[in-house]
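Just below is one structure, and these are the notes that go with it.
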Amino acid sequence: MNEYFDKIKPILFILPALMFAVLFFIIPFILLFYVSFTRGSTYFFQPIFTLENYLKIATNYIPDFRNTLMLAGLSATLDVIVGYPYAYLLLRKIKFLSDFFRSILMVPLLGELYIAYGFWWLFLPKDPFSSFLEAIGISPFAILYTPVTAALALAIYTLPFAVLQMGINISQIDPVLEEASSCLGANRLKRFVHILLPLSLPGIMSGWFMAFGWNIGAYAIPYLMGGVIVGQRVLSIQIRMVGLLMMNYGLAAALASALVIISLVFTFISLKVSRGVLI
Amino acid sequence: MNRNIDFSTIISYIYIVFVSILIFIPFMISFWRSLWTPDGQLGLSNYFSMAGVFWPRVWLSLQLSLITVVLDLIIAIPAAYALTRYEFRGKRPILLTLIGVWYVPGIAYALSLILSFYLIYKQCLSILGFIVTYTTGFLPMMLLSSIVAFRRLEISYEEAAACLGATGLKRFIYIVLPLIGPGITSGILLTFVLSFNEFITAFLLAGPTGILTAPVKVFDDISHAGMLGFVAAEASILQIISLTVIFVYLKIVGTRYLKGTVFF
């Protein structure tokens, strides 16, 4: 009796959490995939099973996928370029106020909504920043509703995730390796290219994929900053529009399923290359 | 040589400060805008003009995130304990099931929940829907920080208690929980801040349930009247609340328990 109880005890401990995850994560997603094979909103009355949702995605919604992936990829690349020195310097150079700068990274965790709103103001008239932009010859109104500003705002939103992944990786690299190479006569560039970069490549990759995964689900930033041409045609906005406004739940579920599959593929790659940085 | 080192340190500080300002700019801008009254003067009148409509939403969001934190604590701590202290079959699939929601875009998660609320869990088309959504959605955060905390806790304390005759439940309540307390504060902080500001799932759930949380109300106002000062005031209020919570936490507890979750 007691042995049997010992065996079942860990399962008992996990059971409440597992129940939540199965009821409100696994089952809804099975339902989502299921609904994606039905026409329109017929699932609620008399389900008609069809593949036309996926055909429609292939014919009509390619620009949305292209825009989403392009925006996410652009800002993830920005994240890596800006975030790598940030993580490196925080770990190796910055001693004074180091914790303060790390805490700053928690600000984007408050969410994309505030970042989108603040950034949106930034490019509107009568702002100190927009007059600065005009002074150096860039019209703030010309770039407000373009992919550039949306990618910039997204980059700020996902910077903490990229910095975190790269920081965990860099903190595992022994500083002695860099010192040794400089003793052997390597200059800064050589040290970076031959020592640091190869060792931190897993961190850079997982940081990029992590930022990418968060970017493809963003809603408020493309909505407020992307404008009609790009912003309205990203997947997250289309999913809400098709599903909740046009009541075409089948197509919305198909779009969402495609988005989930994309993000799962990228997560899988990221977990593979990061060699278990996260779990 | 010495001067050279100083120079590179200065450059790195300039870079770090520059990026930090970049991160902080959206908050600064909306705060700055919220201080301008409609007639073009500096003042706090924006903060009083939305009083009746907005504060109940903030209160609702606060209650929701507190409930989320409590529920997540109740379900995540035993799960994290079992995942770190016991070996059993199917550990990895179970862990992936528990934290998988973290890797799925919020919009797809929200849509799947709405479908399931319509078809299976009909009573969830109310505030209950928000509670279960937030609890499941932020479980990974609480779970990961609890796992980090349990990994740091030495098993010898429990073994000593077991030698002295404490049973499993007694050990858990008198030894493990008091020792683990500080470690899980980071999970509490992050779950609170994230669920208080959760936008996309709350935004999609707002339609079927008719309940607006504070961030959704802010988004609503942005898309209707984004240029007006009171919207900036609303956004600033939510950010100030969250930043104050983070600041107080960092002042009291410090950063050591955040390492491994959002720190490195």
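The values are calculated or read from the model by the stated rules, or taken from the named source; none is laboratory data. All values derive from a computational prediction rather than experimental measurement. Heads up, the Cβs are rebuilt from the backbone with ideal geometry, glycines too, and the neighbour counts pull from every protein chain shown.
Scan the range A:25-73 for residues that are of a type in the set (D, E, K, R) and without any contact (Cβ under 8 Å) to a residue 12 or more places away in the chain and jot them down. Give the derivation first.
Taking the range A:25-73 and keeping what is of a type in the set (D, E, K, R), we get A:39, A:52, A:56, A:64, A:66.
Matches in the range A:25-73: A:Arg66 only.
Hey, among B:Phe7, B:Phe54, which residue is within 14 Å of chain A (Cβ to nearest Cβ) and under 29 Å from A:Ile104 (Cβ atoms)?
Numbers: B:Phe54 fails: within 14 Å of chain A (Cβ to nearest Cβ).
Answer to the check: B:Phe7.
Condition check: of a type in the set (Gly, Ala, Ser), more than 8 Å from every other protein chain (Cβ to nearest Cβ) and assigned to a helix (DSSP H, G or I). Does B:Gly165 satisfy that? Break it down into steps so the answer makes sense when it comes.
Details: of a type in the set (Gly, Ala, Ser): yes; more than 8 Å from every other protein chain (Cβ to nearest Cβ): yes; assigned to a helix (DSSP H, G or I): no.
No, not satisfied.
In the set B:Glu158, B:Glu234, which member is crowded, with 22+ Cβ neighbours inside 10 Å, of a type in the set (Asp, Glu) and part of a helix (DSSP H, G or I)? Show your work before the answer.
Numbers: B:Glu158 fails: crowded, with 22+ Cβ neighbours inside 10 Å.
One residue alone meets the criteria, B:Glu234.
Got a sec? Which of A:Ser181, A:Ser171, A:Ser206 is in contact (Cβ under 8 Å) with a residue 12 or more places away in the chain and over 23 Å from the mean Cα position of the chain (by Cα)?
After ruling out the rest, the residue left standing is A:Ser181.
Any idea how many residues of the range B:11-56 are polar (S, T, N, Q) and surrounded by fewer than 13 Cβ atoms within 10 Å (Cβ to Cβ)? Before the answer, list the steps.
Looking only at the range B:11-56, we keep the residues that are polar (S, T, N, Q), and these are B:12, B:20, B:30, B:34, B:37, B:41, B:45-46, B:49.
Then drop every residue that is not surrounded by fewer than 13 Cβ atoms within 10 Å (Cβ to Cβ), which leaves B:41.
Residues flagged as polar (S, T, N, Q) and surrounded by fewer than 13 Cβ atoms within 10 Å (Cβ to Cβ) within the range B:11-56 amount to 1.
Restricting attention to the range A:27-52, and to residues there that are among the aliphatic types (A, V, I, L, M) and surrounded by fewer than 15 Cβ atoms within 10 Å (Cβ to Cβ), which single residue is nearest to the other protein chains (Cβ to nearest Cβ)? First the steps, then the outcome.
Of all residues in the range A:27-52, those among the aliphatic types (A, V, I, L, M) come to A:27, A:30-32, A:35, A:48, A:51.
Right, trim to surrounded by fewer than 15 Cβ atoms within 10 Å (Cβ to Cβ) and you get A:30, A:48, A:51.
Numbers: A:Ile30: 9, A:Ile48: 16, A:Leu51: 19 Å.
By that ranking, first place goes to A:Ile30.
Is at least one residue of the range A:79-93 at the interface with another protein chain (Cβ under 7 Å from one of its Cβ atoms), surrounded by fewer than 21 Cβ atoms within 10 Å (Cβ to Cβ) and at pLDDT below 85?
Yes.
Only residues that are assigned to a loop (DSSP other than H, G, I, E, B), buried (at least 16 other Cβ atoms within 10 Å of the Cβ), touching a Leu at 6+ places or on another chain (Cβ under 8 Å) and more than 12 Å from chain B (Cβ to nearest Cβ): list them for the range A:101-152, please.
Correct list: empty.
Only one of these is at the interface with chain A (Cβ under 9 Å from one of its Cβ atoms) and loosely packed, with under 14 Cβ neighbours inside 10 Å: B:Phe219, B:Phe247. Name it.
Details: B:Phe219 fails: loosely packed, with under 14 Cβ neighbours inside 10 Å.
Criteria check complete, one pass: B:Phe247.
For the range A:1-38, name all the residues that are modelled with pLDDT under 85 and outside any helix (DSSP H, G or I).
A:Met1
Just a yes or no: is a residue in the range A:12-25 closer than 30 Å to B:Ala76 by Cα and more than 9 Å from chain B (Cβ to nearest Cβ)?
Just the residues of the range A:12-25 that are closer than 30 Å to B:Ala76 by Cα, to begin with: A:12-25.
Filter once more, keeping what is more than 9 Å from chain B (Cβ to nearest Cβ): none.
Within the range A:12-25, not a single residue is closer than 30 Å to B:Ala76 by Cα and more than 9 Å from chain B (Cβ to nearest Cβ).
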